[in-house]
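Single-structure report; data block below.
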Amino acid sequence: MSVLKVKDSSFYEEVIEASCPVIVDFWAPWCGPCRMIAPVIDQIADDYKNIIKVVKLNTDDNPTTSTEYGIRSIPTVMIFINGQKVDSVIGAVPKSTLLNVLNKHLKKQSKQSII
């Protein structure tokens with residue numbers, strides 16, 4: 001599954017109304033650390049293609065959403081579940097860090113759906 005590019009105009013539909021957990025990568029083309037984690041984001045999208053949706057939002061082109069979520073540093077990766085932001089990771093972190101945060105929330109969600 002490829003990573004979907006979202007805009008201010010499509011963010012609500014693609015992220016907030018999504019029926020599955022969503023990872024949002026807030027980035028910009030000039031950002032070196034953003035380019036460093038791009039392959040990691042792509043790998044996660046591939047590895048979790050049947051479980052989550054992964055989207056990218058260019059902060060330069062989409063200031064409304066970036067401001068709404070208080071993006072001050074990029075890359076910022078946010079996790080949304082049921083339309084709510086549940087966590088975020090700022091900076092170019094290792095894949096293991098992103099997976100630890102993601103898996104923590106996926107486990108919580110699966111426990112809640114059993115109850």
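What the table shows:
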item: Selection status of Asp25, within 28 Å of Ser110 (Cβ to Cβ), of a type in the set (Asp, Glu) and either within 10 Å of the chain's Cα centre (by Cα) or modelled with pLDDT of 95 or more (or both); result: yes
item: Unmet criterion (only one of (1) in contact (Cβ under 8 Å) with a residue 60 or more places away in the chain; (2) among the β-branched types (Val, Ile, Thr); (3) more than 22 Å from Ser9 (Cβ to Cβ)) for Ile23; result: (3)
item: Subset of the range 84-107 (residues that are under 12 Å from Val24 (Cβ atoms) and either in contact with a helix residue (DSSP H, G or I) (Cβ under 6 Å, 6 or more places away or on another chain) or surrounded by fewer than 14 Cβ atoms within 10 Å (Cβ to Cβ) (or both)); result: Val86, Asp87, Val89
item: Sole exception among (1) within 14 Å of the chain's Cα centre (by Cα); (2) within 18 Å of Pro39 (Cα to Cα); (3) without any contact (Cβ under 8 Å) to a residue 12 or more places away in the chain for Asn103, by number; result: (2)
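The values are calculated or read from the model by the stated rules, or taken from the named source; none is laboratory data. The model shown is predicted, which means the values in this text are computed figures rather than measured ones. All Cβ positions, even for glycine, are placed from backbone atoms using ideal geometry, and neighbour counts span all protein chains on display.
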